[in-house]
1. Give the residue, chosen from Ala135, Ala141, that is open to solvent by 50 Å² or more (accessible area, probe 1.4 Å) and either in contact with a Ser or Thr (Cβ under 7 Å, 6 or more places away or on another chain) or within 20 Å of Tyr24 (Cα to Cα) (or both).
2. Can you pull out the residues in segment 9-28 that are out of contact with any helix residue (DSSP H, G or I) (no Cβ under 7 Å at 6 or more places or on another chain) and over 15 Å from Phe94 (Cβ atoms)?
3. Taking only segment 98-108 into account, find how many residues are open to solvent by less than 70 Å² (accessible area, probe 1.4 Å) and either among the hydroxyl-bearing types (Ser, Thr, Tyr) or part of a loop (DSSP other than H, G, I, E, B) (or both).
4. When you look at Tyr146, is it within 20 Å of Tyr24 (Cβ to Cβ) and either open to solvent by 70 Å² or more (accessible area, probe 1.4 Å) or near the ligand (Cβ under 8 Å from one of its atoms) (or both), yes or no?
5. If a residue has to be within 12 Å of the ligand (Cβ to nearest atom) and surrounded by 14 or more Cβ atoms within 10 Å (Cβ to Cβ) to count, how many in segment 112-123 make the cut?
6. Quick one: count up the residues across segment 25-66 that are within 10 Å of the ligand (Cβ to nearest atom), over 20 Å from the mean Cα position of the chain (by Cα) and either assigned to a loop (DSSP other than H, G, I, E, B) or of a type in the set (Val, Ile, Thr) (or both).
7. If I ask for residues that are of a type outside the set (Val, Ile, Thr) and either without any contact (Cβ under 8 Å) to a residue 60 or more places away in the chain or part of a helix (DSSP H, G or I) (or both), which ones from segment 1-24 would you list?
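The values are calculated or read from the model by the stated rules, or taken from the named source; none is laboratory data. Computed from a predicted structure; not experimentally measured. Note that each Cβ is placed from the backbone with ideal geometry, even for glycine, and that neighbours are counted across all protein chains shown. Remember, those area values only see protein heavy atoms, side chains included, never the ligands or the DNA or RNA. Shrake-Rupley method; radii C 1.70, N 1.55, O 1.52, S 1.80 Å.
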Amino acid sequence: MRSTWSGLQIAIHWLVFLLVVVTYCAMEFRGMAPRSYRPWFNIVHVSCGITILVLMVTRLLLRLKTPAPPITPKPSPMLTGLAHLGHLVIYVLFIALPLIGLLMMYNRGGNWIAFGITMPHAAEADFDLVDMLKAYHVTLAMVGYYVIGLHALAALGHHYIFKDDTLKRMLPGRRNRSL
Ligand code: HEM
């Protein structure tokens, strides 16, 4: 069995991290920009969000295909269970959140752009549905802040408190790795 994540899995992990930062920033800071720039913030937001969706599904498929490398020294069963639960929440959240965003844009019924391309939309807007999806999107995005915070704290806890290799095996540049 591998002793570390594959190069591809590590690359996707840190790419998703960067994209999540940009996706959140595009929304948090769009209010500070002059009105004429706001469409650009929206394009960055939806383009990065869709890329996150594709990468998270890819990651999930890779994860289902190959087991996670073992942690040394082995954490307690309770910690392992909590970690599995946390990772499941991250997968569900960062797949559901962009999917809901996509459905929201589709059902607005107007032209919208991602990656510089005009995206498909419903023939007629369904504003009740859009309002409901928007409420879910905003709530899940807020939950996302806490989940990411807990995830980062857990990684640091593994490294500094339990002194195992959980964090190190997700860093690039270790030997004994397969793609
Ligand atoms: C992981 C990916 C995503 C994250 C973390 C995320 C996060 C957020 C956040 C924090 C907001 C601001 C909420 C607020 O106003 O308080 C937002 C709004 C929005 N998101 Fe996303 N989002 C993601 C993906 C997407 C995708 C893929 C789309 C569409 C294709 C999308 C469409 C929108 C739209 C249209 C709004 C603005 C709603 C409005 O104010 O009318 N999002 N998102």
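1. Ala135
2. Ala11, Cys25, Glu28
3. 0
4. Yes; evaluated as a whole, the condition is true for this residue.
5. Adding up the residues that qualify gives 5.
6. 0
7. Matches in segment 1-24: Gly7, Leu8, Gln9, Ala11, His13, Trp14, Leu15, Phe17, Leu18, Leu19, Tyr24.
For (1) open to solvent by 40 Å² or more (accessible area, probe 1.4 Å); (2) closer than 30 Å to Ile161 by Cβ, each residue gets a yes or a no:
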{"residue": "Ile10", "(1), (2)": "no, yes"}
{"residue": "Val22", "(1), (2)": "yes, no"}
{"residue": "Phe29", "(1), (2)": "yes, no"}
{"residue": "Arg63", "(1), (2)": "yes, yes"}
{"residue": "Ala68", "(1), (2)": "no, yes"}
{"residue": "Lys74", "(1), (2)": "yes, yes"}
{"residue": "Thr80", "(1), (2)": "yes, yes"}
{"residue": "Ala96", "(1), (2)": "no, no"}
{"residue": "Gly110", "(1), (2)": "no, no"}
